[in-house]
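The values are calculated or read from the model by the stated rules, or taken from the named source; none is laboratory data. Quantities reported herein were computed from a predicted structural model and do not represent experimental measurements. With ideal geometry, Cβ positions are generated from the backbone for all residues, glycine too; neighbour counts draw on all protein chains shown. Surface accessibility is based on the protein's heavy atoms, side chains included, excluding ligands, DNA and RNA. Shrake-Rupley method; radii C 1.70, N 1.55, O 1.52, S 1.80 Å.
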Amino acid sequence: MFSWLEKNPFFFAVAVFIVIAYAGIIEILPDFANRARPLEGIKPPTVLELAGKHIYMKDSCNACHTQMIRPFKSETDRYGMYSLSGEYAYDRPHLWGSKRTGPDLKRVGNYRTTDWHENHMLEPASVVPGSLMPAYKHMFKNNADIETAYGEALTTKKVFNVPYDMEGMPKLGTWEETQAIVKEQAQMIVDEMKNQEVKDAFARGEIREIVAIIAYLNSLK
Amino acid sequence: MRPSNALNYDYTVAKYFMFATILFGIIGMAIGVIIAFQMAYPDLNYLAGEYGTFGRLRPLHTSGVIFGFMLSGIFATWYYIGQRVLKVSMNESPFLMFIGKFHFYLYMIVMVLAVISLFAGVSTSKEYAELEWPLDIGVVLVWVLWGVSIFGLIGIRREKTLYISLWYYIATFLGVAMLYLFNNMSVPTKLISGYGDWWHSVSMYAGTNDALVQWWYGHNAVAFVFTVAIIAQIYYFLPKESGQPVFSYKLSLFAFWGLMFVYLWAGGHHLLYSTVPDWMQTMGSVFSVVLILPSWGSAINMLLTMKGEWVQIRENPLIKFMILASTFYMFSTLEGPILSIKSVNALAHFTDWIPGHVHDGTLGWVGFMTMAALYHMTPRVMKREIYSKSLMEVQFWIQTTGIVLYFASMWIAGITQGMMWRATDQFGNLAYSFIDTVTVLIPYYWIRAIGGLLYLVGFFIFTYNIYKSMSAKELTKEPFSASPAGVRG
């Protein structure tokens, strides 16, 4: 049988494909409907938080930080309640990561503050002596891309029925409405920060990357 | 149209891809060495502003070596081996020649754009699939062109039976195509909403499902780029170089179909103790252990091919490269299943043992085999003998030392880290704060960086040797052996 296959490349390729494809079908498909359900109380990210998540992805924070607390005592003691599938229902893409050079961040919003994050991004070793993390000073210079975040939120609402604008859920509205909402949320963070340049920029109507990423990190609870 | 004399194989495209292999090898490995030193000495992050931080360079390193170095090597060997085992020359078909060149140039364009976009931070954040959708389409086109080249050449073959290497090339083509397409499914946000950057997209899958698809891809891209395609190479080059037939046809059949059947199930071992269902984690774990059988099947087949001819190891550095590659393949495919056992995984997951595991496979198996393939091809493609056998020896030992330093330091670092994370004092409280588990690893990071540097130095020696070979005097007949003159045939 095999020597026959080896003389018929077409059937050979079909056979290979069937043999490699079905494992995925069995393992992946059954879970899709089941695991897409959000946990009670889980909300999609606001536009500012989403812009922060994009910065997190842009600088590959997930290369060193995980967002997956495993069900071990040592991890729940250190980071909080272990992760549940329904908590990630609005996480596109997931940011579980595969390596912990730094600690897990799934619930970092519970135990770090805006002020702490600000110092940490500017000079990591100032708050964690011995830290290997690079300083992310450019986040204090670059503006966050709110429009792309809005585009993504609107897309997920339209395509995947993410419940923006529903009762008790973050409001999306039009682009003009969104800008006002984003500004309001950013104001609260800027007020808690000390960096004068970020405050001045915000007064001019610019939202620095650091503001958005802090909004995102604070939302991880 | 059987030719009256020996076929005149056309290696133009193979030659292009050989250059690409060396170029991306240097770039990808150099960035790897930089980020290794950054972990030992964080001040190195600020040499180039935001473009020089670990976060920006890490995807460049992985993409550079996987899709630049290794894939170029796979393409180069295909354009060499394909013609020879199918007994047909590319210059017999202007169409396939055009496709081959088009394949190369499009690939180079996509790679250059990939480097630029990753430096700029345009990333989907999915490991080993960071490129955004416009580049994904470019990658798919490159892949389709390679497929046309494979099946086109098979279509006009004179040799009716497909040689073992071809099974593996076909599997690489199909496997990567399937994995890449499904993992990169995303919705371009500008097209739907009208707002934001045109290149931005959002994943089709959310949360746990996204992670499932990502690691089904992530693990099996390892299978079909690092494993399957490299086995294709060793099944051709080792018998050619040693003059020995493959030990067992039956064993190669078993190993091939076994690998195809088992490998795809094993992706679940990346998600042990995560939020994917238990039965899936168990399947991933069990199948990872079963995977030892087909993996070792290939490796044992290779080692037994040398039965009675082990003396060649002493005389021919190329055989040495290939045997070391097979040995590291066995080593790495034993280590993988061990890491997939749940209790071991609980300790090792998220630690430095994992990069250690990846690198003993990629540096030892993939890197050594790719360089061996280039050493074998250069004399035949360029019609020149290899410049220096002793440089090959020097390179071999420098790089082997580098690999040993790399995986040994990462093993110790990983186990130390895992033990410290879970350690508790006599009252049951955590014994260490997180930063304690980081600073203790600095010495191992230095050792790893030095190991990586040694490997890179070896790669420069390799490049120099190939360069000197190319600029040497042209031979009038096909070289007797890939190795320097005077070696047994």
Practice item. Pop out the carbon and sulfur fraction of the accessible area of segment A:139-196 as a percent, whole number, probe 1.4 Å. Key: 53 percent
Revision key, fill the gap. Quick calc, residue B:8 & residue A:29: beta-carbon distance into FRET formula, R0 41 Å, rounding 0.05, result 0.25
Practice item. Might you tell me the accessible area per residue for segment B:250-348, computed with a 1.4 Å probe and given in Å²? Key: 33 Å²
Check your understanding: Roughly how many nanometres apart are two label points built 7 Å out from the Cα toward the Cβ at residue A:119 and residue A:7?
Key -> 7.8 nm
Review point. Which distance in nm do the two modelled labels at residue B:278 and residue A:176 give, with both placed 7 Å along the Cα-to-Cβ direction?
Key: 5.6 nm
Check your understanding: Measuring from centroid to centroid over Cα atoms, what is the spacing of segment B:271-307 and segment B:360-410 in Å?
Key -> 26 Å
Review point. Which residue, chosen from B:124, B:91, B:71, occupies the Cα position most advanced towards the positive end of the dipole of segment B:13-126, where the dipole is computed from +1 (Lys, Arg) and -1 (Asp, Glu) charges on Cβ about the Cα centre?
Key: B:91
Study note, to complete from the structure: Among residues of segment B:260-278, a drop of 20 Å² or more in 1.4 Å probe accessible area, assembly relative to the chain on its own, occurs for B:260, B:261, B:264, B:265, B:273, B:274, B:275, B:277
Review point. Carbon and sulfur together cover what percent of the accessible area of chain B at a 1.4 Å probe radius?
Key: 71 percent
Revision key, fill the gap. Note on chain B: helices (DSSP H) long enough, at least 24 Å by alpha carbon along their axis, and hydrophobic enough, mean Kyte-Doolittle at least 0.5, are B:12-40, B:94-119, B:133-155, B:164-183, B:317-340, B:389-422, B:442-470
Review point. Can you list the residues of segment B:329-360 whose accessible area drops by at least 30 Å² going from the chain on its own to the full set of protein chains, with a 1.4 Å probe?
Key: B:346, B:350
Review point. Given a Förster distance of 45 angstrom, what is the FRET efficiency for residue B:105 paired with residue A:197, based on the Cβ-Cβ distance and rounded to 0.05?
Key: 0.50
Point to revise | For segment B:38-54 versus segment B:169-243, the gap between their alpha-carbon centres in whole angstrom | key: 29 Å
Point to revise | Whole-angstrom gap from segment B:9-35 to segment A:89-133, using each part's C-alpha centre | key: 36 Å
Exercise for review: With +1 on each Lys and Arg Cβ and -1 on each Asp and Glu Cβ, and nothing else charged, work out how big the dipole of the protein assembly as shown is about its Cα centre, in Debye to the nearest 20.
Suggested key: 2420 debye
**Study point:** Per residue accessible area in Å² of chain A, where ligands, DNA and RNA are left out and the probe is 1.4 Å
**Key:** 43 Å²
Check your understanding: Want the number for residue B:43 to residue B:249: 0.36 nm per residue separation, take away the alpha-carbon distance, what's left?
Key -> 68.7 nm
Practice item. Name the residues whose placed amide hydrogens come within less than 5 Å of the amide hydrogen of residue B:424, ignoring near sequence neighbours (fewer than 5 apart) on the same chain. Key: B:431
Check your understanding: Roughly how many percent of the accessible protein surface of segment A:47-128 is carbon and sulfur, given a 1.4 Å probe and a whole-percent answer?
Key -> 56 percent
Study note, to complete from the structure: Residues of segment B:278-304 with backbone N under 17 Å of the label point set 7 Å from the Cα of residue B:310 along Cα→Cβ are B:300-304
Study note, to complete from the structure: residue B:438 neighbourhood, Cβ < 14 Å, K/R = +1, D/E = -1, net charge 0
Practice item. List, in order, the whole-Hz ³J(HN,Hα) value for each residue of segment A:115-126 obtained from phi through the Karplus relation with A = 6.51, B = -1.76, C = 1.60 and θ = phi - 60°; use x for Gly and Pro. Key: 4, 4, 4, 4, 4, 5, 6, 6, 7, x, 5, 5
Exercise for review: Name the most mobile residue of A:42, A:189, A:55, meaning the one with the largest mean-square fluctuation, in a Gaussian network model of chain A with Cα contacts below 10 Å.
Suggested key: A:42
Check your understanding: Tell me, which residues of segment B:50-72 get at least 10 Å² less accessible area when the other protein chains come in, versus the chain alone (1.4 Å probe)?
Key -> B:50, B:53, B:54, B:55, B:56, B:58, B:59
Revision key, fill the gap. Taking a label point 7 Å from the Cα of residue A:184 along Cα-to-Cβ, the residues of segment A:145-177 whose backbone nitrogen sits under 15 Å from it are A:165-177
**Study point:** Other-chain or far-sequence residues with amide H under 5 Å of residue A:143's (modelled H)
**Key:** A:209
**Study point:** Pairwise burial A:B, computed as accessible area of each alone minus the pair, summed, 1.4 Å, Å²
**Key:** 7600 Å²
Check your understanding: Using the Cβ atoms and a cut-off under 13 Å, what net charge is assigned to the surroundings of residue B:183, where Lys and Arg are +1 and Asp and Glu are -1?
Key -> -3
Practice item. Net charge near residue B:115: determine it from the other residues with C-beta under 14 Å of the C-beta of residue B:115, scoring Lys and Arg +1 and Asp and Glu -1. Key: 0
Review point. Roughly how many Å² is the accessible area per residue of segment B:12-135, as a whole number, for a 1.4 Å probe?
Key: 32 Å²
